[in-house]
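Q: I am attaching a structure below and will ask some questions about it afterwards.
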Amino acid sequence: MTEFTDITYEVDNGLAWITINRPERYNAFRAQTVDELVMAFKRAWASSDVGVIALTGAGDKAFCAGGDQKQRMETGDYGPSASGLFEVEALHRVIRDAPKPVVAAVNGLAIGGGHVLHVLCDLTIAADTAQFGQNGPRVGSFDAGLGSGYLARVVGEKRAREIWFMLRRLSAQEALEWGLVNKVVPAADLKAEVRAWADQMLDFSPTALKVLKQSMNTDTEHFVSIGTMAYSTLAMFGETPEAQEGINAFNEKRKPDFTPYRGK
């Protein structure tokens, strides 16, 4: 995978920029996108030229809108991958396991699975135009484990339940007030701000940063196994009429009708 198609990868003075490059799909990821993201994170992990990793999206509308629901509607899945598996769990793992600080540069919508990606990054800097939120229950999906349990550690139980149960769409300022992001800056200044944060971290001991990251991850590591179990459940749930109603309604741009499933 020497040539990426769904992402771009570049290194600038110790900072690796990994950019989801599907602006026509609001930087939603298909299976190939996930494969390329995993490879890019591993490349940055292994490179002695990289001390900090930044994840962002192309354009000014979206950081990442999560899984590509149009792809899912067209083919019934997220398309082909190198392994034959949809490796989103591997992507979550590599963001957490990469022994270097990972900064989410949220330049627009961070929704659904894209919201989970920014939450898993060590730090989040947001453009003042960014928006945050979940979408799973609306389309017959969910993210148990890191996407919900770890989120509760970040913003607190009540806020996490509000994000998931009410599907609140948060502005950048609201996300800052909730502790969901570290800083909000004008959209035009986003990359420069990430550069400044990276430069400060690049002055520090990489081993110290690595061990600190691993130490902080230890407290929430159990959410990984919970998430693995939840993905097994999600795979089965995705084949049910209830889940199909969610994705069909999304693609047909109508309100889903989940009332037949409330008593089960």
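Q: Looking at segment 7-40, which of its residues are farther than 17 Å from Ser83 by Cα and touching a helix residue (DSSP H, G or I) at 6+ places or on another chain (Cβ under 6 Å)?
A: Correct list: Ile7, Tyr9, Gly14, Leu15, Ala16, Ile18.
Q: Shifting gears a bit: Among the numbered conditions (1) at pLDDT below 95; (2) of a type outside the set (A, V, I, L, M, F, W, C); (3) crowded, with 17+ Cβ neighbours inside 10 Å; (4) out of contact with any strand residue (DSSP E or B) (no Cβ under 7 Å at 6 or more places or on another chain), tell me where Thr129 comes up short.
A: Looking at each condition in turn, Thr129 falls short on (1).
Q: If you check Glu193 against the conditions, is it assigned to a loop (DSSP other than H, G, I, E, B) and acidic (Asp, Glu)?
A: For Glu193, the condition - assigned to a loop (DSSP other than H, G, I, E, B) and acidic (Asp, Glu) - is not met.
Q: A follow-up question, please. Considering each residue of segment 160-181, count those that are crowded, with 18+ Cβ neighbours inside 10 Å and either without any contact (Cβ under 8 Å) to a residue 40 or more places away in the chain or touching a Leu at 6+ places or on another chain (Cβ under 8 Å) (or both), and give that number.
A: Qualifying residue count, segment 160-181: 6.
Q: Report, ordered by the first and then the second residue, all pairs with beta carbons closer than 6 Å, sequence separation of six or more or different chains, a first member in segment 88-107 that is closer than 16 Å to Asn217 by Cα, and a second member that is assigned to a strand (DSSP E or B) and open to solvent by 10 Å² or more (accessible area, probe 1.4 Å).
A: Val103/Leu123
Q: Need the failing condition index for Lys158 against (1) within 19 Å of the chain's Cα centre (by Cα); (2) among the basic types (Lys, Arg); (3) within 21 Å of Arg138 (Cβ to Cβ), just the number.
A: Among (1) within 19 Å of the chain's Cα centre (by Cα); (2) among the basic types (Lys, Arg); (3) within 21 Å of Arg138 (Cβ to Cβ), Lys158 violates only (1).
Q: Among the residues of segment 221-247, what is the count of those that are in a helix (DSSP H, G or I), of a type in the set (Gly, Ala, Ser) and open to solvent by less than 30 Å² (accessible area, probe 1.4 Å)?
A: 4
Q: Turning to a different aspect of this structure: How many residues are over 22 Å from the mean Cα position of the chain (by Cα) and either open to solvent by less than 50 Å² (accessible area, probe 1.4 Å) or touching a residue at least 60 places away in the same chain (Cβ under 8 Å) (or both) if we restrict to segment 210-220?
A: Result for segment 210-220: 0.
The values are calculated or read from the model by the stated rules, or taken from the named source; none is laboratory data. What you see is a predicted model, and the numbers here were worked out from it, not measured in a lab. With ideal geometry, Cβ positions are generated from the backbone for all residues, glycine too; neighbour counts draw on all protein chains shown. For the accessible areas, the whole protein counts, side chains as well, though only heavy atoms, and no ligand, DNA or RNA atoms are used. Shrake-Rupley method; radii C 1.70, N 1.55, O 1.52, S 1.80 Å.
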